[in-house]
There are 2 protein chains.
Amino acid sequence: MARPRTFDEERALDAAMRAFWVNGYEATSTQDLCDATGLGRSSIYNTFSSKHELFQRALARYIDSMTAGQVEILEDAGRSPMERLRALFARIVDSEFECREDGHSIGCLTVNTTVELAGRDPEAAELLARDLAARLAAISAVIRAGQSGGDISSTRDAGDLARFLNAVIGGMRISAQGGADRAALTAIAETALDSLTR
Amino acid sequence: MARPRTFDEERALDAAMRAFWVNGYEATSTQDLCDATGLGRSSIYNTFSSKHELFQRALARYIDSMTAGQVEILEDAGRSPMERLRALFARIVDSEFECREDGHSIGCLTVNTTVELAGRDPEAAELLARDLAARLAAISAVIRAGQSGGDISSTRDAGDLARFLNAVIGGMRISAQGGADRAALTAIAETALDSLTR
DNA sequence: TACGTTATGAACTGCTCAGTCCAAAACAAG
DNA sequence: CTTGTTTTGGACTGAGCAGTTCATAACGTA
């Protein structure tokens with residue numbers, strides 16, 4: 001009944017997400033998005049309405065895929081709570097050496113967006129707040145399980161420990177963007193995890 | 001012998017620094033810088049050459065003042081190593097509630113710049129690398145002192161612990177920009193510091 | 001008071017930005 | 001093959017960008 005699209009919307013979204021991830025929202029022009037996706041301006045605006053809405057969809061897609069993978073690790077019933085946390089941190093270290101551009105880590109899109117946009121973009125802030133709540137809930141649950149089993153110290157509230165681990169993850173992302181190598185990130189992760197068992 | 005300036009260069013630099021701090025490099029226009037400093041375009045370009053050079057000077061000024069204050073705390077001979085680290089973290093929590101705009105934390109300019117520019121601005125990356133090295137050196141020295149005195153565990157290398165604490169500081173900054181309140185930041189700091197004494 | 005020098009404001013430059021428009025193209029359905 | 005609907009590419013728009021130019025103002029000095 002009408003002319004069909006010649007591109008895959010999700011592939012285009014992935015390409016746009018990567019562009020925003022590498023350079024940030026402000027420094028990515030609509031022309032950059034055309035180049036990255038291979039689409040013309042008309043197709044981009046016809047499909048995604050505006051740069052800002054495209055960014056929101058890209059951020060939402062990043063959050064869905066990233067948090068899904070991490071929650072999967074955290075809910076892996078085949079591993080003990082501490083093993084799950086260790087696996088989570090191992091994945092985060094790995095991701096910093098998989099997601100690179102020009103020899104530098106590009107960090108994490110949620111951290112980057114928190115820094116660049118959270119203070120002046122309500123829609124982005126909302127997506128980030130929801131993601132943060134989900135992450136903290138998943139980490140807290142694992143910590144509570146570890147506390148029940150005695151593997152994790154109960155001297156601190158599970159919620160506090162979850163916020164602590166989440167902050168360390170963010171700090172590892174910043175450290176990687178600042179040039180930290182794999183050994184440095186691994187040592188940070190081990191130090192954080194060791195502190196749970198004291 | 002010639003017409004004198006009607007403004008104070010350092011005050012102008014402070015105003016520009018604040019503008020970059022709140023909105024980032026890309027989202028701060030030269031017009032914003034004129035408004036923030038109260039200077040005309042001619043005065044800005046006559047004094048600072050370009051937006052990029054003004055940013056470099058603003059970042060350098062931020063680093064000098066911030067790192068100076070923190071190193072002062074870390075080298076305070078009147079306090080024990082652990083007390084110095086506690087004072088450092090207390091200052092960082094405080095700073096997140098002093099440096100705000102529209103009810104949000106504006107974080108730390110070095111962290112913000114690491115995220116926004118480190119991957120594509122060699123001059124900024126150089127300033128950040130130098131600052132990071134100085135921070136890690138100062139923290140490492142305190143940790144070594146604490147390890148000698150027995151207050152800080154020697155099971156981990158002082159350099160690793162310094163990178164860990166520095167990552168936690170970065171993570172606290174991100175957490176604050178993500179909306180964490182004072183109690184949450186304090187708990188993160190306490191958890192990190194407690195892990196040193198195990 | 002006249003001169004040399006620097007600072008300043010306002011107008012201006014060329015360019016890039018996000019977003020729009022429209023004619024042509026590509027299909028499905030009748 | 002025609003008709004109706006959507007996609008597509010390319011030209012276009014007005015606004016805002018970083019940076020320049022220049023006439024004039026404001027000073028120290030002689």
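Yes/no per residue for (1) assigned to a helix (DSSP H, G or I); (2) more than 19 Å from A:ASP194 (Cβ to Cβ); (3) β-branched (Val, Ile, Thr):
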{"position": "B:ARG130", "(1), (2), (3)": "yes, yes, no"}
{"position": "B:LEU136", "(1), (2), (3)": "yes, yes, no"}
{"position": "B:VAL142", "(1), (2), (3)": "yes, yes, yes"}
{"position": "B:GLY146", "(1), (2), (3)": "yes, no, no"}
{"position": "B:ASP151", "(1), (2), (3)": "no, no, no"}
{"position": "B:ARG156", "(1), (2), (3)": "no, no, no"}
{"position": "B:ARG163", "(1), (2), (3)": "yes, no, no"}
{"position": "B:GLY170", "(1), (2), (3)": "yes, yes, no"}
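Every residue, every condition in (1) open to solvent by less than 50 Å² (accessible area, probe 1.4 Å); (2) free of Cβ contacts under 8 Å to residues at least 24 places away in the same chain; (3) within 15 Å of DNA strand C (Cβ to nearest atom), yes or no:
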{"position": "B:LEU13", "(1), (2), (3)": "yes, no, yes"}
{"position": "B:TRP21", "(1), (2), (3)": "yes, no, no"}
{"position": "B:ALA27", "(1), (2), (3)": "yes, yes, yes"}
{"position": "B:LEU33", "(1), (2), (3)": "yes, yes, yes"}
{"position": "B:ASN46", "(1), (2), (3)": "no, yes, yes"}
{"position": "B:SER50", "(1), (2), (3)": "yes, yes, yes"}
{"position": "B:PHE55", "(1), (2), (3)": "yes, no, no"}
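Answer yes or no: is there a residue in the stretch A:87-105 that is in contact (Cβ under 8 Å) with a residue 40 or more places away in the chain, at the interface with another protein chain (Cβ under 10 Å from one of its Cβ atoms) and buried (at least 23 other Cβ atoms within 10 Å of the Cβ).
Yes, the stretch A:87-105 contains at least one residue that is in contact (Cβ under 8 Å) with a residue 40 or more places away in the chain, at the interface with another protein chain (Cβ under 10 Å from one of its Cβ atoms) and buried (at least 23 other Cβ atoms within 10 Å of the Cβ).
What are the residues in the stretch A:1-11 that are surrounded by fewer than 13 Cβ atoms within 10 Å (Cβ to Cβ) and either within 13 Å of DNA strand C (Cβ to nearest atom) or under 21 Å from A:ASP102 (Cα atoms) (or both), if any?
Passing the criteria: A:MET1, A:ALA2, A:ARG3, A:PRO4, A:ARG5, A:THR6.
When you check B:ARG84 against the structure, is it more than 13 Å from chain A (Cβ to nearest Cβ), more than 16 Å from DNA strand D (Cβ to nearest atom) and within 15 Å of B:ARG173 (Cα to Cα), yes or no?
When the stated conditions are applied, B:ARG84 does not pass them.
If I go through the stretch A:106-137 residue by residue, how many of them are in contact with a helix residue (DSSP H, G or I) (Cβ under 9 Å, 6 or more places away or on another chain), under 23 Å from B:VAL22 (Cα atoms), open to solvent by 50 Å² or more (accessible area, probe 1.4 Å) and not basic (Lys, Arg)?
Going through the stretch A:106-137 one residue at a time, the tally reaches 2.
Looking only at the stretch A:175-198, which residues are touching a residue at least 40 places away in the same chain (Cβ under 8 Å) and under 14 Å from A:PHE97 (Cβ atoms)?
Once the filter is applied, which keeps residues that are touching a residue at least 40 places away in the same chain (Cβ under 8 Å) and under 14 Å from A:PHE97 (Cβ atoms), the stretch A:175-198 yields A:ALA176, A:GLN177, A:GLY179, A:ARG182, A:LEU185, A:THR186, A:ALA189.
Identify the single condition in (1) without any contact (Cβ under 8 Å) to a residue 40 or more places away in the chain; (2) surrounded by 13 or more Cβ atoms within 10 Å (Cβ to Cβ); (3) away from DNA strand C (no atom under 14 Å from the Cβ) that B:MET17 does not satisfy, given that it satisfies every other one.
Going through (1) without any contact (Cβ under 8 Å) to a residue 40 or more places away in the chain; (2) surrounded by 13 or more Cβ atoms within 10 Å (Cβ to Cβ); (3) away from DNA strand C (no atom under 14 Å from the Cβ) one by one, B:MET17 breaks only (1).
Could you look through the stretch A:37-79, keep only residues that are closer than 18 Å to A:GLU116 by Cβ and hydrophobic (A, V, I, L, M, F, W, C), and pick out the one that is farthest from DNA strand D (Cβ to nearest atom)?
So the residue we want is A:MET66.
Using the structure shown, decide if B:ARG156 is in contact (Cβ under 8 Å) with a residue 24 or more places away in the chain, closer than 25 Å to A:PHE89 by Cα, of a type in the set (D, E, K, R) and in contact with a Ser or Thr (Cβ under 9 Å, 6 or more places away or on another chain).
No.
May I ask you to list the residues in the stretch A:138-172 that are crowded, with 23+ Cβ neighbours inside 10 Å and more than 8 Å from every other protein chain (Cβ to nearest Cβ)?
A:ILE139, A:VAL142, A:ILE143, A:GLY146, A:ILE152, A:LEU165
The values are calculated or read from the model by the stated rules, or taken from the named source; none is laboratory data. Just so we're clear, the structure is a prediction, and the values are computed from it rather than from any experiment. Cβ: placed from backbone, ideal geometry, glycine included. Neighbour counts: every protein chain shown. For the accessible areas, the whole protein counts, side chains as well, though only heavy atoms, and no ligand, DNA or RNA atoms are used. Shrake-Rupley method; radii C 1.70, N 1.55, O 1.52, S 1.80 Å.
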